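The values are calculated or read from the model by the stated rules, or taken from the named source; none is laboratory data. In this text, all values refer to a predicted model and were calculated from it rather than measured experimentally. Note that we place each Cβ from the backbone using ideal geometry, even for glycine, and neighbour counts take in every protein chain shown. Ligands, DNA and RNA are stripped out before the accessible areas are found, and what is left, the full protein with its side chains, is counted by its heavy atoms. Shrake-Rupley method; radii C 1.70, N 1.55, O 1.52, S 1.80 Å.
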Amino acid sequence: MKTNIGITEENREKVAEHLAKVLADEYVLYTKTLRAHWNLEGIDFHTKHVFFEDHYNAIKEFIDGVAERIRKIGHYAPGTLKQFLELTHLSEEIEGDNSSLNYMKVLLADHDTIIVEIRKIIPTIEEDLKDVGTADFLTGLLQEHEEMAWMLRASVS
């Protein structure tokens, strides 16, 4: 059945394209956070192991929310690793050792990138594409990433 939610098909398609990039960023960040959780070494192993687990569980929820938002506006979410790597603003690579400090710096940079990218698209989605629901959703997601970045930043300072 046709999606008729008060936003033109053209605008919904553009919003879905923006959301697909957000979804790709979330998926790459999720994978990198899992890697940190799995491969962490050091004196602070247990506390940071749990810390990264909390983060990847939260990011998993973000992924589901973004994919569902794409479906709510009448489009299909990308779902292959190839698509995610083509769409993401992030690198899947992690340089450096398996210390918590290294992982936290890498993940902090990724959160900051996601924050900047989301902040850029919110006005376009709300004002130009007339989708206040997605703009509101992204504002909430932005705030979640700001909190996670704050936790990481406070840990590496």
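The test for being out of contact with any Ser or Thr (no Cβ under 8 Å at 6 or more places or on another chain), crowded, with 20+ Cβ neighbours inside 10 Å and not hydroxyl-bearing (Ser, Thr, Tyr) holds for Val22. One residue stands out in segment 95-111 among those that are touching a helix residue (DSSP H, G or I) at 6+ places or on another chain (Cβ under 6 Å) and of a type in the set (D, E, K, R): the one that is most open to solvent (accessible area, probe 1.4 Å), namely Lys105. In this structure, Glu86 does satisfy being in contact (Cβ under 8 Å) with a residue 40 or more places away in the chain, charged (D, E, K, R) and open to solvent by 40 Å² or more (accessible area, probe 1.4 Å). Could we say that Gly6 is modelled with pLDDT under 95, open to solvent by 30 Å² or more (accessible area, probe 1.4 Å) and among the small types (Gly, Ala, Ser) here? Criteria met by Gly6.
When Phe62, Phe52 are checked against the criterion of being farther than 22 Å from Asp131 by Cβ and not acidic (Asp, Glu), Phe52 stands alone in meeting it. Only a single item in (1) in contact with a Gly (Cβ under 9 Å, 6 or more places away or on another chain); (2) closer than 15 Å to Lys21 by Cα; (3) open to solvent by 30 Å² or more (accessible area, probe 1.4 Å) is not met by Gly79, and it is number (1). When we screen Leu85, Leu101, Leu90 for residues that are among the hydrophobic types (A, V, I, L, M, F, W, C) and in a loop (DSSP other than H, G, I, E, B), the only hit is Leu90.
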